[in-house]
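First up is the structure itself, then whatever we jot down about it.
The values are calculated or read from the model by the stated rules, or taken from the named source; none is laboratory data. Fair warning: this is a prediction, and the values are worked out from it, not measured in the lab. In this analysis, Cβ positions are derived from the backbone assuming ideal geometry, glycine residues included, and neighbour counts consider all displayed protein chains. These area figures cover heavy atoms from the full protein model, side chains too; ligands, DNA and RNA do not enter into them. Shrake-Rupley method; radii C 1.70, N 1.55, O 1.52, S 1.80 Å.
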Amino acid sequence: MPTQQPTPPGNPTGERRLAVLEGVLERITYANEENGYTVARVDTGRGGGDLLTVVGALLGAQAGESLRMEGRWGSHPQYGKQFTVENYTTVLPATIQGIRRYLGSGLVKGIGPVFADRITQHFGMDTLQIIEEEPKRLIEVPGLGPKRTKKIADAWEEQKAIKEVMLFLQTVEVSTSIAVRIYKKYGDASISVVKNQPYRLASDVWGIGFLTADKIAQSVGIPHDSPERVKAGLQYALSQATDQGNCYLPEERLIADAVKLLQVDTGLVIECLAELALPDEESGDPGVVREKVPGPDGSPDPVTAVYLVPFHRAELSLAAQLRRLLHTAADRMPGFHDVAWDKALGWLKGRTGVELAPEQEAAVRLALTKKVAVLTGGPGCGKSFTVRSIVELARAKKAKVVLAAPTGRAAKRLAELTGAEASTVHRLLELKPGGDAAYDKDRPLDADLVVVDEASMLDLLLANKLVKAVPPGAHLLFVGDVDQLPSVGAGEVLRDMLAEGGPIPAVRLTRVFRQAQQSGVITNAHRINSGQQPLTDGMKDFFLFVEDDTEEVGRLTVDVVARRIPARFGLDPRRDVQVLAPMHRGPAGAGNLNGLLQQAITPGRPDLAEKRFGGRVFRVGDKVTQIRNNYEKGANGVFNGTVGVVTSLDPVEQSLTVLTDEDEEVPYEFDELDELAHAYAVTIHRSQGSEYPAVVIPVTTSAWMMLQRNLLYTAVTRAKQLVVLVGSRKAIGQAVRTVSAGRRCTALDFRLTVKNDRSNES
């Protein structure tokens, strides 16, 4: 698909003329998706099978395309002669062989090497003209039925339409993948939207933030101090804040962030913020909501909080719905109000063979007699057995019990623990395209007791959807470890529900049981949580490989995962071992480790299909994770953090299939692969709610700003059997000493305690 990059600054017209090189792009060996820098190998047709290295602005070019490149010749000290591309266009191939390679390269969905050969044999040099002007004639080719013929014709037309958008966007350096997304969102209206409403792109199209939209807007002539630009920038700053976990920003901080981002006068930002808070003429809704709330971190002085509308509505609604459940007179489990607890607990002991500790017994009574309750505690304190006991007693009274967790892995674990069916919250609510739920306040779940495990992962928006679907009189129990990292999405729902003086009753389990004390994983998790260094000498399930050099930490981590753990413990490096890194970037970050681990665990083979996308290569057998919520995929959407394995890859149909940890097969078109990342290594934040037999944690001083106690504690508590730390004692000490700085900007705890608040319950 053709694209072209403008000559970069510093090469003004009048400099030495650019050289021209033509050739067929054989393969891309490296591509940086952020800046478009690409290293590729090109066949210039000079014979001998020699390929030339070209580097530079080639983002969007695909293997099999014939390119006309403008640039400069140079020499690399290691790789020799190479051509630096400054801009390029695609040209249609002019030989039968070129046409065959072009069609067979996977550029056109439905045509692989076999059909490319048949089509070119039948139509010869007229092949491309036939596909363009008389695509119905493809049915003349043996083996091409009406269905595939139509599919090829549609794919060709879509490519042409995307090419038009590409040609328009090439002057603002927008990548191919973004151009494809713009076309898929707006279709024939794409160019009109880009020209006339560029800031819509930031909210409508995933992967386009304010900065890209702003670059496009300036190129189409929207002034730097345009109110439209300033309002879009304010909403972007709030959106960035929600990505960092905040439900709102204090007004002064938002104004300062926007002035820095937009480089405009403070007065203009204040004016535009005031306008954003007014109802929109068309929708009637404001762009933001301003409200006085208590300051974060318990500050006595109130702040003016500025919310994006969905987060303000969700916070009001969640607080109102929780209070509604707490105070309703109805009770769908009335039998537990006058139950003979000694008898009930004796029956339970007969079923399980274990006697509950006093604080576990208190949690059981609480969950079965109160409409909303929270059970929290660290590993080895009996949370799981307590949940099992609650479910056993509820089912003995014929109660309808519904079990859910935020992730597929956590739901599986909950089902194994209780012997009852459990599902993800998304599946339970049957979320539909757009994010609406099939179950809500008007159509509640049929449940007497709802148990939600791993509740520290619940963000504000998901918690609101869930609580709305709980029927009046049902009991709702949140179970989770409040000392873990908060949710990836905005909010601190579990912590806010446990706030001192709040209305929601809770039990915190603190006693570590004797059998758990023998586990180095559990012992060290509690040591880390209390600010003590982990013990690593003489442990059978907790190890430290000391290494101060960050690059060496990366190499050693791969060796531990791919060779040492399988050899000593017999664990499968793909299925049983998970690398959890404090950050994505750097030699010991998840991004670099994924490349090294893929090379070690799923290396390329001649018989193994693969697809290069940007800087990544996807292969059958790869461990992958979804990196955005997509309500359109799968039975009920596929969500950020869902993990799976690539089970098939079809270059002709340009799609691959992922078997998720919820045992669902989900197809991905090749142009959707920016939604997938490799998951041999993931950041600790992305591991929440998951549990793995073995966890390997690289801890280096290069991640200094990320090293906090709850980060390391969360990583260690993901392991069932084995933890291996790789890194420096200094970095581990920093993580153990550093308590997470400050609370997120949320007001749920305040709203839960407001008396007689008639707030929005939608």
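Being closer than 19 Å to Val303 by Cβ and either outside any helix (DSSP H, G or I) or of a type in the set (Ser, Thr, Tyr) (or both) is the filter here, so list the residues in the stretch 200-252 that pass it. Correct list: Thr242, Gln244, Gly245, Asn246, Cys247, Tyr248, Leu249, Pro250. Here is the figure for the stretch 205-214: residues that are farther than 13 Å from Leu261 by Cβ and either hydroxyl-bearing (Ser, Thr, Tyr) or at pLDDT 85 or above (or both) total 1. Please work out which residue is farthest from His584 (Cα to Cα), limiting yourself to the stretch 669-712 and to residues that are touching a Lys or Arg at 6+ places or on another chain (Cβ under 6 Å) and charged (D, E, K, R). Checking each candidate, the answer is Glu691.
Checked against the criterion of being under 17 Å from Val488 (Cβ atoms), buried (at least 16 other Cβ atoms within 10 Å of the Cβ) and at pLDDT 90 or above, the stretch 619-639 contains one or more residues that satisfy it. Listed by first and then second residue, the pairs with beta-carbon distance under 6 Å, at least 6 apart or on different chains, first residue in the stretch 56-83 and within 15 Å of Gly615 (Cβ to Cβ), second surrounded by fewer than 20 Cβ atoms within 10 Å (Cβ to Cβ) and among the charged types (D, E, K, R), are Ala63/Arg27. Residue count for the stretch 244-264, restricted to those that are open to solvent by 50 Å² or more (accessible area, probe 1.4 Å) and closer than 22 Å to Pro198 by Cα: 4.
Consider Arg200 carefully, then state whether it is basic (Lys, Arg), modelled with pLDDT of 85 or more and farther than 21 Å from Glu315 by Cα. Yes; evaluated as a whole, the condition is true for this residue. Out of all the residues in the stretch 289-311, is one or more open to solvent by less than 50 Å² (accessible area, probe 1.4 Å), under 22 Å from Phe478 (Cβ atoms) and at pLDDT 90 or above? Scanning the stretch 289-311, I find at least one residue that is open to solvent by less than 50 Å² (accessible area, probe 1.4 Å), under 22 Å from Phe478 (Cβ atoms) and at pLDDT 90 or above, so the answer is yes. Of all residues in the stretch 640-667, those satisfying the criterion of being open to solvent by 40 Å² or more (accessible area, probe 1.4 Å) and in contact with a strand residue (DSSP E or B) (Cβ under 9 Å, 6 or more places away or on another chain) are Asn640, Val645, Thr647, Ser648, Asp650, Pro651, Leu659, Glu662, Glu665, Pro667.
Scanning the stretch 710-732 for residues that are under 26 Å from the mean Cα position of the chain (by Cα) and assigned to a helix (DSSP H, G or I) returns Asn710, Leu711, Leu712, Tyr713, Thr714, Ala715, Val716.
Among residues of the stretch 374-425 being open to solvent by less than 10 Å² (accessible area, probe 1.4 Å), small (Gly, Ala, Ser) and within 21 Å of Ala340 (Cα to Cα), the one that is nearest to the chain's Cα centre (by Cα) is Ser389. Would you please name the residue that is farthest from Ile697 (Cα to Cα), looking only at residues in the stretch 525-583 that are of a type in the set (S, T, N, Q) and out of contact with any strand residue (DSSP E or B) (no Cβ under 8 Å at 6 or more places or on another chain)? Restricting to residues being of a type in the set (S, T, N, Q) and out of contact with any strand residue (DSSP E or B) (no Cβ under 8 Å at 6 or more places or on another chain), the top hit is Ser530. Scanning the stretch 288-330 for residues that are part of a strand (DSSP E or B), farther than 30 Å from Pro444 by Cβ and not charged (D, E, K, R) returns Val288, Pro294, Pro302, Val303, Thr304, Ala305, Val306.
Matching residues to (1) under 26 Å from the mean Cα position of the chain (by Cα); (2) surrounded by 19 or more Cβ atoms within 10 Å (Cβ to Cβ); (3) hydroxyl-bearing (Ser, Thr, Tyr):
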position	(1), (2), (3)
Ile528	no, yes, no
Gly531	no, no, no
Ile565	no, yes, no
Gly570	no, no, no
Val579	yes, yes, no
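Condition check: touching a strand residue (DSSP E or B) at 6+ places or on another chain (Cβ under 7 Å) and of a type in the set (Gly, Ala, Ser). Does Ala241 satisfy that? The answer is yes for Ala241.
Scanning the stretch 213-239 for residues that are open to solvent by 40 Å² or more (accessible area, probe 1.4 Å) and over 21 Å from Ala274 (Cβ atoms) returns Lys215, Gln218, Ser219, Val220, Gly221. From the residues in the stretch 94-131 that are surrounded by fewer than 17 Cβ atoms within 10 Å (Cβ to Cβ), modelled with pLDDT of 85 or more and in contact with a helix residue (DSSP H, G or I) (Cβ under 9 Å, 6 or more places away or on another chain), which one is nearest to Gln159 (Cα to Cα)? Within the stretch 94-131, the match that is nearest to Gln159 (Cα to Cα) is Gln129. Of everything in the stretch 136-157 that is part of a helix (DSSP H, G or I) and touching a residue at least 24 places away in the same chain (Cβ under 8 Å), the residue that is least open to solvent (accessible area, probe 1.4 Å) is Ile152. Only one entry in Leu494, Leu485 is outside any loop (DSSP other than H, G, I, E, B) and under 30 Å from Tyr631 (Cβ atoms), namely Leu494. Across the stretch 640-674, the number of residues qualifying as in a helix (DSSP H, G or I) and either in contact (Cβ under 8 Å) with a residue 60 or more places away in the chain or closer than 14 Å to Ala609 by Cβ (or both) comes to 4.
Going by what's in this entry, would Ala422 be described as touching an Asp or Glu at 6+ places or on another chain (Cβ under 6 Å) and modelled with pLDDT of 90 or more?
Here the answer is no, as Ala422 does not meet what is asked.
Of the candidates Leu494, Leu498, the single residue that is in contact with a strand residue (DSSP E or B) (Cβ under 7 Å, 6 or more places away or on another chain) and open to solvent by 20 Å² or more (accessible area, probe 1.4 Å) is Leu498. Candidates in the stretch 173-197 are the residues that are modelled with pLDDT under 85 and not in a helix (DSSP H, G or I); of these, the one that is farthest from Ile270 (Cα to Cα) is Ser175.
Among the candidates Leu466, Leu477, the residue that is part of a strand (DSSP E or B) and modelled with pLDDT of 95 or more is uniquely Leu477. Of the helices (runs of 4 or more DSSP H) that lie entirely inside the stretch 379-460, those containing 3 or more residues that are charged (D, E, K, R) and within 18 Å of Leu366 (Cβ to Cβ) span 383-396.
For the stretch 63-77, how many residues meet the condition of being at pLDDT below 80 and surrounded by fewer than 18 Cβ atoms within 10 Å (Cβ to Cβ)?
Within the stretch 63-77, residues that are at pLDDT below 80 and surrounded by fewer than 18 Cβ atoms within 10 Å (Cβ to Cβ) number 1.
Going residue by residue through the stretch 350-361, is there one that turns out to be under 30 Å from Cys247 (Cβ atoms), open to solvent by 50 Å² or more (accessible area, probe 1.4 Å), at pLDDT 90 or above and assigned to a helix (DSSP H, G or I)? No: the stretch 350-361 contains no residue that is under 30 Å from Cys247 (Cβ atoms), open to solvent by 50 Å² or more (accessible area, probe 1.4 Å), at pLDDT 90 or above and assigned to a helix (DSSP H, G or I).
If the requirement is being touching a residue at least 12 places away in the same chain (Cβ under 8 Å) and either closer than 26 Å to Ala63 by Cβ or in contact with a Leu (Cβ under 8 Å, 6 or more places away or on another chain) (or both), which of these qualifies: Pro606, Pro582?
Pro582
When restricted to residues that are open to solvent by less than 80 Å² (accessible area, probe 1.4 Å) and more than 12 Å from Glu251 (Cβ to Cβ), the stretch 271-288 contains 7.
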